[in-house]
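Okay, structure first, notes after.
The values are calculated or read from the model by the stated rules, or taken from the named source; none is laboratory data. Predicted model, so just to flag it, every value in this text is computed and none were measured. Glycine gets a Cβ as well: all are built from the backbone with ideal geometry, and neighbour counts include every protein chain shown. Surface areas here come from the heavy atoms of the whole protein model, side chains and all, with no ligands, DNA or RNA. Shrake-Rupley method; radii C 1.70, N 1.55, O 1.52, S 1.80 Å.
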Amino acid sequence: MAIDTETMDQLLETVRRFVRERLIPIEASVGDDDKVPDDVIDEMRGLGLFGLSIPEEFGGLGLSVDEEVRVIIELGHTSPAFRSVFGTNNGIGSQGIVIDGTPEQKNKYLPKLAAGDIVGSFALTEPDSGSDAASLRTTARMDGNEYVLNGTKRFITNSPSAGLFTVMARTDPANKGAGGISAFLVEAGAPGLSLGPRYKKMGQQGAHVADVIFDNCRVPADALIGGVEGQGFKTAMKVLDRGRLTISGMCIGNAERLISDSVRYARERKQFGKPIADFQLVQAMLADCETELYAAKAMVMDAARRKDLGETITKEAAICKYYCSEMVGRVADRAVQIHGGAGYIADYGIERFYRDVRLYRLYEGTSQIQQLIIAREMLKQAAE
Ligand code: COS
């Protein structure tokens, strides 16, 4: 536990109220406008949501993984676009510095990320390098006391609002694998850095994604994370281990919301002279949702606890991400089914969640990549 039980309970209650009173009422308009209002983002800053996972000494709340996941489950009771506003600051946009940064890098950037003064973004994926992250082609060449970056990063979450990018680039052209990759901290506005137009997505409107282009982009030598070349791929993988647990928390929160909406609808909607909740085929769908949710929650809380104990949870994080993202997809599908025609109509919000949750099976590693990681870890353990 990083904070005492009473403070944690207060934080959870505050987040619950914020979600219920401020976010749920504007879900539909955020979806339509593709924008989270600035005053809501200010309130997020005030609540400390940008710094949930950042250590207290740098101005964050310093939550343990277990605590962070519990907060994220509450945030999952509304559209994922809201969490995305500060999600990268707690996860992939800050954790490279938290895990492997030098003291100077931590002091320089973590307080700003924790306060929400800047948004952090994680630039790994490229046009020809997605699941096979180690094959990335962006280069970083040393020139005097600077590195010169060249390449394109694709589908980068929060890049349009980012003040700081964690960029994986190849420093050793002779090493085409993971060992030739280093991680850099590149500030928005660096000469030679530009953004592509925002992509139009299937869901999660309000969360923005664009390409990031490096054209002879110059950064000082001390932008290299940890000051050591060749460690960037490992940094990225460690960041993703943690990120996969928080994504799992979002899947659980979204599933809880979809289940409670479905239960309410099933109790209110009458057919054949009684609420559809009285029909056993509807009950079976509710029961399957609840059973899978319980399994998902149990595994994520176990993996989070283990991570807090310092265990390596590469396999468990992949299991959680795989199961929870698939689980919420099935829950969303059943929620549409229980709502019938209303599930397909935008006014009820269920179809928006159905589109929103589809992303979980893709980003921070597809389901197929999680399967591969799980099996590899199993075989590695068996060989030891
Ligand atoms: N933590 C720490 N180190 C790790 C690690 C982890 N979770 N995973 C791998 N590494 C290390 C390995 O130990 C290895 O180190 P050594 O060379 O010292 O032995 C090195 O990193 C290379 O690992 P590996 O050989 O497993 O690399 P692969 O190219 O085979 O990686 C996967 C394969 C599929 C695991 C990787 O490419 C991946 O996760 N892809 C998905 C990327 C992704 O999630 N993209 C989403 C975009 S970011 S939002």
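Ordered from largest to smallest accessible area (heavy atoms of protein chains, 1.4 Å probe), the residues Leu149, Leu362 come out as Leu362, Leu149.
Annotation: amide H-H contacts under 5 Å for Gln204 (H modelled 1.01 Å from N, sequence separation of 5 or more, or interchain): Asp356. Accessible area ranking (1.4 Å probe, heavy atoms, ligands and nucleic acids excluded), largest first, for Thr366, Thr5: Thr5, Thr366. Computed over the chain, relative contact order equals 16 percent, with contacts defined as Cα pairs under 8 Å that lie 6+ residues apart.
Ellipsoid semi-axes for segment 120-230, based on the Cα gyration tensor and the rule √(5λ), read 23, 16, 11 Å when sorted largest first. Share of carbon and sulfur in the accessible area of segment 234-383 stands at 55%, probe radius 1.4 Å. How would you classify segment 76-146 from its alpha-carbon gyration tensor, with a ≥ b ≥ c the square roots of the eigenvalues: rounded for a/c under 1.5, else prolate if a/b is greater than b/c, otherwise oblate? It comes out oblate by the Cα gyration axes. Classify segment 235-384: rounded, prolate or oblate, from the alpha-carbon gyration tensor (a ≥ b ≥ c, eigenvalue square roots; a/c under 1.5 rounded; otherwise prolate if a/b is larger than b/c)? Prolate. Proximity of backbone amide H atoms, modeled 1.01 Å from N, is registered between Ala162 and no other residue at under 5 Å, excluding neighbours fewer than 5 places apart on the same chain. In the context of the full set of protein chains, residues of segment 234-383 present 49 Å² of accessible surface per residue (probe radius 1.4 Å, heavy atoms only). Shown for segment 5-115: the carbon plus sulfur share of the solvent-accessible area, taken with all protein chains present and a 1.4 angstrom probe, equals 49%.
Using only the C-alpha atoms of the chain, find the volume of their convex hull and express it per residue in Å³. In the chain, the Cα convex hull volume per residue is 139 Å³.
In this structure Thr312 has an accessible area near 120 Å², from a 1.4 Å probe over the protein heavy atoms. Each Lys and Arg Cβ is given +1 and each Asp and Glu Cβ -1; about its Cα centre, segment 234-383 then shows a dipole of about 300 debye. Look at the Cα gyration tensor of segment 26-132: its axes a ≥ b ≥ c give a/c of at least 1.5 with a/b at or below b/c, and that counts as oblate. For GluC sites (Glu not before Pro), the sites in segment 288-324 that DSSP calls loop and that have at most 12 other Cβ atoms within 10 Å are Glu311.
Partnerless cysteines in the chain, where a partner means another cysteine C-beta under 4.7 angstrom, comprise Cys217, Cys289, Cys320. Expressed as a whole percent, the accessible surface of segment 120-230 that belongs to carbon and sulfur atoms is 51, based on a 1.4 Å probe.
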